[in-house]
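Asks: Pasting in a structure now, in C-alpha cells, and then I'll have a few things to ask.
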Amino acid sequence: MADPATLLPLLLLAPALVLAAGLAAVAGAVTAGDRPTAPVVETLRLLAKQRRRTPADDPLLARIGLAVLPVAAVLALAVVPLGLPRGAPVGLDVGIVWFNAMEVLAWFAVWTAGWGPNAVTALVGGYRMLPLGLAYELPHMLALITPAIAAGSLDPATVAGAQHGLWYAVWMPVAFVLYLVSTAAMAFWGPFAAPLGRDLAGGAAAEHAGLDRLLLRAGRWMLLVAAAAMAVPLFLGGGAPPPITGPDAFGGPAWAWVVVKLLVVLAVLLGLRRVMPVLRMERFVTLAWVVLIPLAVAQALVVTVVVLL
Amino acid sequence: MVLSLARPFLRVAARRPHVLVIAPAPVSDGLLDVRLAAEAALASRGWPAADSPADTDLVLVAGEVGPRLAEVVRAVWATVPAPRVLVRVGAPSELGDALDAAVAELARGGAGPVSGGGPLSGGGPLSGGGPLSASEASLLASSDRNAAFSMITGSPDDGAFLPLDASNDASLAPEATPVMAGLADDDRDGLALDVVHTALGPVLPHWPAGLVVHATLAGDLVTDARAEVLDVPGPRERAGRRRTPRGPDHLRLDALVRVLALAGADRAAARARALRDGHPGPGELTAFGRRIARSRTLAWTLRGIPLTATDHVPVPEPTVEARVRALAAGLGGSLAPPVRPAPHRAAAALVGLELGAARLALAALDPDTALGAGPVAPFKPAGSGHHHHG
C-alpha cells in the first residue's frame, strides 16, 4: 500500500464521491421540480447556519453518528471496482461483505442522530430506522449474495469479470430489482425517507441545524451514490461494454462505462421517487416479509441450483 | 474572520429561505385568508416550508395571534438558529413587502442572538450551539415599527411585539424536553417503553392551525390524546352553517394538500395546493380528484389506518384511505361539504395509532379548529414541580 500510485485513487475517493453526490442531488432537485441550483444554495445556507442544541441532549453521540454517515459511504465505495486500471481503490477478496458492513453503519448513524437531541420527533425518527432495517436488510443481503454465488467469489471485481456475455441484471432480474429497492431503503431516501419524515418535522434530522444537518443530507446522497455504484460490478458487468453491441462495437475506457451505468442506475432510483409516496414503515415491513424476502430467497435458490448443476 | 467568509454565503442562502408559517386557528375568514395567502406566496417564490424550528430561516406569523399562541411563537423563536428573521403579517396585502424585507434582512445576516462571533463561530457564547438561554429568547421589534408588518431579527427587548403571559409554557415548543413518567399503563407490545407526555403542534408541518394535541406516547404509539385550540376555548357549537366564499371544494383541497404532503406524494400535494389557491375549472378538479381517488400507490400506503374514535364516530368514512378517496372523488361535484369533526373528537380518533399514522389520520379528518377545544392542563410529573426549559 505504500506505492503512491495505489494511494492516489484512495485519496481522491472522498472528493469524487462528494462531487458525485452533489450532482445526484442536483438531478434529484430537478426531478422533484425544484431549481437545479437548489442543492448548492442549500449547502451554503447550512454552512452559514448556526449549529444548535436542545436541553439535556447528548451532542457527542449525535455528532459521532452524523459524521459516521459520509465516512461509511466513502469506505463502502472504496471496495467498488470503478473501472480504474488497478481495479478497486482497495482490492479486497471479501469486498461484498465489507461493503455491506459499511452500509449497516447507516443504522447507527440515524439512530444516534435521532437519539442525541432528546426530543420526541427526533427520537421517533430514530426508531423508524429499526423497522426500515428489519425490512430492507434481508432482501438486500440476499440480493448482494446472489451474484456472489453465481460468480463463486465475494470480490466485486471477480463478480464483474464473471459476467462475460450475460449481465447478472438479465440472468437474475429479481435480485437486481431487489438490490435497487433496498439501496434506496438503505440510504433512507425517497420512498423510504420515513426516518426523516415530514410528518415528524424532519424525524432524526428535526433538531439538527447547520453543519450537523448538512452531514446528514450530504451523507445520505453519498450513501445512495456508493450503493448505486456497487450495482455496476454486481449486476451490470462492471467496466465492460454492453454485450448486445458485439465484442468491440463500443470500445471506450472501462471507467467511462462504469460512469454511464452508474448514471442509468441513479436515474432509475430517482424515477422511483416520482412514482411512489413515502412508505409507512408498517406497510413496508409487511411488503418486505411477505413478498420481498420470499422472492429474494427464491432467486438465490434458483441461482444456486443452476450453479451446482 | 469567519463571519466575513460567511457573508457571500448569506446572500446566496437568502435566495431560498426555509419558512416556518405559524398561523392562529381560523376563527374568522380574515385569518384564513392570511394563512392561505402566505402559503400561496411562499409557493410562488419557490421557498420551501421549514420542517422544524431547526430548519428555519424565516418565521412567518400569519395573522393576529392570541396570548397562548404568542407564547409558542416566543418559545419557537428562541430555538431558531441564526441567521434568522421573524415577520408578522396581519393582512394578505402586507405579504409581498414583508417577505422582501425579511429576505433583505436575512442577506445581511439576520442579526442572530449571538453578540460575539459570527454564525459560523464555534467558540462564541453559543459554542457548539449551546441551548439558548431565556434572555436570548426575548424578542425585538425592528426599528420600522410603524411599517404595516412587524419584523424581528434578534436582540433582546422584552415584550415590544407580542402579548406576554407570566407562565412561559415552553412545553408547547416541539423541541421541548420530553417528560418521562414511568412505564406505559397500556403496554400493547410488551416492550416496557417509557411513556412520553408531549404536546404535538401547533408548530408542525401540515398541522391544523392553532391546534395542540396533548399526547401520551409509548414509544411511537399514541396512548392518549386531548385536543386544545390555542386561544379558542371550546368546544363551541357550530353557529349555523357558516357561509364561506370558498365552497366545499376548497375545504376538500385544503385537507388533501395536508394528507398528500404528509404521505410524501409531493407532486400531487403541489398540484392540490395550486388548485386550491387558483381558480380551477370543474373539469380540472374532477380530473385531479379522479386521479387521486384511483391512485394505487397512495391507497396502498394509506391502507389500514382506522378513523373510529372510542366514544363517537367523527366522520362517515371508516378509514383514512376511504376518507381520502371520498375527499378526492367529491371534487368538482355538487356534493355537500365534507364533515369536519370538532378537534376533541378528532384527537380521540388518534388514540391507538402510530405517530405517523396519527398524523395522516388527523390531516384526513381535517378538524374544524374554529370550533375550539380545551384548554387542557399540560402534564406535570408528580412531585417535580414546574419544568423549565433552557
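Bear in mind that the values in this text are calculations on the coordinates, not laboratory data. Quantities reported herein were computed from a predicted structural model and do not represent experimental measurements. Cβ placement follows ideal geometry from the backbone for every residue including glycine, while neighbour counts extend to all protein chains displayed.
Asks: Compute the Cα gyration tensor for the stretch A:156-309, then decide on rounded, prolate or oblate, letting a ≥ b ≥ c be the square roots of its eigenvalues: rounded whenever a/c is under 1.5, prolate when a/b is larger than b/c in the other cases, and oblate in all that remain.
Replies: Numbers: a/c = 2.78, a/b = 1.51, b/c = 1.84.
Note, shape of the stretch A:156-309 comes out oblate.
Asks: What list of ³J(HN,Hα) couplings, whole Hz, do you get for the stretch B:348-355 from phi and the Karplus terms 6.51, -1.76, 1.60, once you set θ to phi - 60° and write x for glycine and proline?
Replies: Whole-Hz 3J(HN,Hα) from phi for the stretch B:348-355: 4, 6, 7, 5, x, 9, 5, 4.
Asks: Fewest first, what order do B:89, B:72, A:90 take by the number of other Cβ atoms within 10 Å? Don't skip to the end; give the middle numbers.
Replies: Details: B:89 29, B:72 24, A:90 17.
Starting with the residue having the fewest Cβ neighbours, the order is A:90, B:72, B:89.
Asks: Counting only other chains, what is the mean number of Cβ atoms within 10 angstrom of the Cβ of each residue in peptide B:263-270?
Replies: Numbers: counts 7, 14, 3, 8, 6, 1, 2, 2.
Other-chain Cβ atoms within 10 Å of each residue's Cβ, averaged: 5.
Asks: Counting only other chains, what is the mean number of Cβ atoms within 10 angstrom of the Cβ of each residue in peptide B:197-209?
Replies: Values: counts 1, 3, 1, 3, 0, 0, 1, 6, 6, 3, 2, 0, 0.
Partner-chain Cβ atoms within 10 Å, mean over residues of B:197-209: 2.
Asks: Could the peptides B:340-346, B:37-43, B:215-221 be put in order, highest first, of the mean number of other beta-carbon atoms found within 10 Å of their residues?
Replies: Values: B:340-346: 24.1, B:37-43: 19.4, B:215-221: 22.1.
So the peptides B:340-346, B:37-43, B:215-221, ranked by packing, come out B:340-346, B:215-221, B:37-43.
Asks: What does the charge add up to near residue B:88, with Lys and Arg as +1, Asp and Glu as -1, over the other residues with Cβ less than 11 Å from its Cβ?
Replies: Here the charged neighbours net out to -2.
Asks: Given R₀ = 56 Å, what would the calculated FRET efficiency be for residue B:236 paired with residue A:301, taking r from the Cβ atoms and rounding to 0.05? Display every interim value, and only then the final one.
Replies: Details: r = 64 Å, r/R0 = 1.14.
Working from the Cβ atoms, E equals 0.30.
Asks: While we're here: Which order do A:179, A:127 fall in if you start with the one that has the fewest other Cβ atoms within 10 Å? Don't skip to the end; give the middle numbers.
Replies: On the way: A:179 28, A:127 24.
By the 10 Å Cβ count, ascending, the order reads A:127, A:179.
Asks: Now a separate question. From the C-alpha gyration tensor of chain A, pull out the three semi-axes of the equivalent ellipsoid (sqrt of 5λ each), sorted largest to smallest, in whole Å. Display every interim value, and only then the final one.
Replies: Details: eigenvalues 209, 102, 63 Å².
The answer is 32, 23, 18 Å, longest axis first.
Asks: Ok, one more. Which whole number gives the average, over all residues in B:52-59, of C-beta atoms from other chains lying within 10 Å of the residue C-beta?
Replies: Numbers: counts 13, 5, 18, 10, 2, 3, 0, 0.
Counting other chains' Cβ atoms within 10 Å and averaging over B:52-59 gives 6.
Asks: Among B:258-270, A:28-40, how do they line up from the highest to the lowest mean number of other beta-carbon atoms within 10 Å?
Replies: On the way: B:258-270: 22.5, A:28-40: 16.1.
Descending mean neighbour count gives B:258-270, A:28-40.
Asks: Something else now. Sorted from largest down, what three extents in whole angstroms do the Cα atoms of the stretch B:248-371 have along their principal axes?
Replies: The Cα atoms of the stretch B:248-371 stretch 40, 30, 19 Å along the principal axes, largest first.
Asks: Just to confirm a number: summing +1 for Lys and Arg and -1 for Asp and Glu over residues other than residue B:294 whose beta-carbon lies under 14 angstrom from that of residue B:294, what do you get?
Replies: Working: positive: B:290, B:291, B:296, B:325; negative: B:321.
Here the charged neighbours net out to +3.
Asks: Along the Cα→Cβ direction, 7 angstrom out, place labels at residue A:264 and residue B:291. What is the inter-label distance in nm?
Replies: 3.0
Asks: Continuing with the same structure: Could you pull out every residue, at least 5 positions away or on a different chain, whose amide H is within less than 5 Å of the one on residue B:22? Hs are placed 1.01 Å off N in the peptide plane, and Pro or chain starts have none.
Replies: For residue B:22, the qualifying residues are B:60, B:61, B:62.
Asks: In sequence order, what are the phi-derived ³J(HN,Hα) couplings for the stretch A:184-201 according to the Karplus relation 6.51 cos²θ - 1.76 cosθ + 1.60 with θ = phi - 60°, rounded to whole Hz, with x for glycine and proline?
Replies: These are the phi-based 3J(HN,Hα) values: 4, 5, 4, 8, 5, 10, x, x, 10, 7, 4, x, 10, x, 5, 5, 9, 6 Hz.
Asks: I need the calculated FRET efficiency for the pair residue B:377 and residue B:194, taking r as the beta carbon distance and R₀ as 25 Å, to the nearest 0.05. Don't skip to the end; give the middle numbers.
Replies: Numbers: r = 21 Å, r/R0 = 0.85.
That gives a FRET efficiency of 0.70.
Asks: Counting Lys and Arg as +1 and Asp and Glu as -1, what is the net charge of the other residues whose Cβ lies under 15 Å from the Cβ of residue A:136?
Replies: Working: positive: A:128, A:220, A:280, A:283; negative: A:103, A:137, A:282.
With Lys, Arg at +1 and Asp, Glu at -1, the neighbours total +1.
Asks: Would you compute, from DSSP H runs of 4+ residues alone, the mean residue ellipticity of chain A at 222 nm, taking -39500 (n - 2.57) per run and dividing by the full residue count, rounded to the nearest 500?
Replies: On the way: 12 runs with 206 residues, N = 309.
Mean residue ellipticity at 222 nm (helix-derived): -22500 deg cm²/dmol.
Asks: Here's a follow-up. Rounded to whole Å, give me the distance from the Cα center of the stretch B:1-73 to that of the stretch A:43-79.
Replies: 26
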